[in-house]
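Below you'll find the structure, written out as structure tokens, and then a few comments.
The values are calculated or read from the model by the stated rules, or taken from the named source; none is laboratory data. All figures in this text were calculated on a predicted structure; none of them were measured in a lab. With ideal geometry, Cβ positions are generated from the backbone for all residues, glycine too; neighbour counts draw on all protein chains shown.
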Amino acid sequence: MADSPSSASSSRPSFWREWRQRLAFWVGALLVGLVALAFAWLADAAFALFKRLLDYSPWSPVLITPIGFALLAYLAQRWFENAKGSGIPQVIAALEMPSRRLRARLLSLPVAAARMSLTLGALLVGGSVGREGPTVHIGAAVLYTFGRRLGLQGRRTIAGLILAGGAAGIAAAFNTPLAGVVFAIEELSRTFEQRFSGLVLTAVLIGGVVTLGLMGHYAYFGEISGRIPEGWGWSEVPACGVLGGVLGGLYAKLVLPTDTGVLGRLCAVRARYPIRFAATCGLLLAMLGLMSGNHVFGTGYEETRALLEGQPVTDSTFLIWKFLANVVSYLSGIPGGLFSPSLSIGAAFAPLLNLLPNADPQVCALLGMGAYLSGVTRSPLTASVIVLELTHSPDLAIPMLATTVIAATVSGWISPVSLYHALAKQIIEKIHVGSSLR
């Protein structure tokens, strides 16, 4: 029997609603890829300007970095409160937000634009920060806003937009589509009851394909293709895992706000004098730069690449200086991510682990990158896939997974709370307190 006119007319809105949803995910992901590429180019240009100044005057960070940190902290404190930090905790908080109005505060385009601008400013003055975390936030904001403009509603649909936007940001930032997928499953959706749908998967892949289409097929750190030697070479796995877990857990412990002990008093000083505190952090970073031969600034890409190629431009103390630089930069309150600087610290494991029998410096650097990133984020799958895709090292898949799982476990003993989710919880609590006071 033929369908009645009423049933045909009722199916028509459903058909257009389904295609409007697909359009939001697909076109939105395309926009995320383009914005991520533009952000990457601007970030490289900003740090290149700082490097040029550094070449002209090696002592210039002593003046430029404290002033720059103070200005960035003032702008964030005065006008862009929701643009502080890496951006990933804000995306996780937005996924958990029951209120549309509060979610929109975290993912508005002005906040995303401010995060991009302030991160570029941080790189311009030598901050030890990355652009990947901010790209996740920007991607989520772009896809969320685009979907809302097309009239998409419903908690699951909106959460899917946020999830896909953040993951597409990772895929486009590193040209690592698979890492974007794993990141969405393991990190962003950890506390959200949502099936990883085909629409979300397609959006993440589109974000990565944009980078692939415009930049071509390339590995971020080059074709390293490390391989663990037989026998004692496997000792690098537990060594990197334990070291990455200890340092990653210590980093999380140092940067998470607390109310007790020395760190509690430090957080109280930062809350009371945010501008002066940021300037002091900038001065400390400049001094760390001088002690390291000016190698701790920015993402650490050049130093990491040199370590992976077996031609280091730094000595064994670089691990300490870069670790402290990352802590100081994050504590200052300026916007910026921690993925790239974390990879730089992990690569610096190589000179330290050369004492192991039959140690391969390249393999130590690769496993160290995954181990430290896993120790910081407590996301072993994401850390493994990112490093393997960035360096085109598929032969290290099993050793890398073993290393990152060890690191995440050891990190959990030191800092039981996951860094990103602890920060997201504090953001939610702060927003609820602010709303109740109004």
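Just so you know, in segment 254-303 the residues that are under 23 Å from the mean Cα position of the chain (by Cα) and among the aromatic types (Phe, Trp, Tyr) include one that is surrounded by the fewest Cβ atoms within 10 Å (Cβ to Cβ), and it is TYR301.
Just one of the listed residues (SER117, SER86) is under 26 Å from ALA271 (Cβ atoms), in contact with a strand residue (DSSP E or B) (Cβ under 7 Å, 6 or more places away or on another chain) and either aliphatic (A, V, I, L, M) or not assigned by TED's automatic domain parsing to the domain that holds GLY298 (or both), and it is SER86. Among the residues of segment 129-156, the ones that are of a type in the set (Ser, Thr, Tyr) and out of contact with any Gly (no Cβ under 7 Å at 6 or more places or on another chain) come to 1 in all. Across segment 56-79, the qualifying residues are those that are surrounded by fewer than 13 Cβ atoms within 10 Å (Cβ to Cβ) and touching a residue at least 24 places away in the same chain (Cβ under 8 Å), and the one among them that is nearest to GLY126 (Cα to Cα) is TRP59. Residues in segment 325-372 that are closer than 20 Å to ALA122 by Cβ, touching a Leu at 6+ places or on another chain (Cβ under 8 Å) and not in a loop (DSSP other than H, G, I, E, B): 11 in all.
LYS425 falls short of the stated requirement of being farther than 24 Å from GLU132 by Cα, of a type outside the set (A, V, I, L, M, F, W, C) and either assigned to a helix (DSSP H, G or I) or in contact with a helix residue (DSSP H, G or I) (Cβ under 8 Å, 6 or more places away or on another chain) (or both).
The residues of segment 107-160 that are crowded, with 19+ Cβ neighbours inside 10 Å and in a loop (DSSP other than H, G, I, E, B), listed by number, are LEU107, VAL125, GLY126, GLY127, SER128, VAL129, ARG131, LEU152.
Taking every residue in segment 373-399 that is more than 17 Å from ALA171 (Cα to Cα) and among the charged types (D, E, K, R) and pairing it with any residue that is modelled with pLDDT under 90 and not in a helix (DSSP H, G or I), at least 6 positions away or on another chain, the pairs with Cβ-Cβ distances below 6 Å are ARG378/SER418; ASP395/ARG227. Scan (1) outside any loop (DSSP other than H, G, I, E, B); (2) small (Gly, Ala, Ser); (3) crowded, with 22+ Cβ neighbours inside 10 Å for the single condition ALA306 breaks and write down its number. It fails just one condition, (3). When segment 101-146 is filtered for residues that are free of Cβ contacts under 8 Å to residues at least 40 places away in the same chain and of a type in the set (Lys, Arg), only ARG101 remains. Here is the figure for segment 403-420: residues that are part of a helix (DSSP H, G or I), under 10 Å from ALA252 (Cβ atoms) and either free of Cβ contacts under 8 Å to residues at least 40 places away in the same chain or among the β-branched types (Val, Ile, Thr) (or both) total 1.
Checked against (1) in contact with a Cys (Cβ under 9 Å, 6 or more places away or on another chain); (2) of a type in the set (A, V, I, L, M, F, W, C); (3) modelled with pLDDT of 95 or more, ALA122 meets all criteria but (1).
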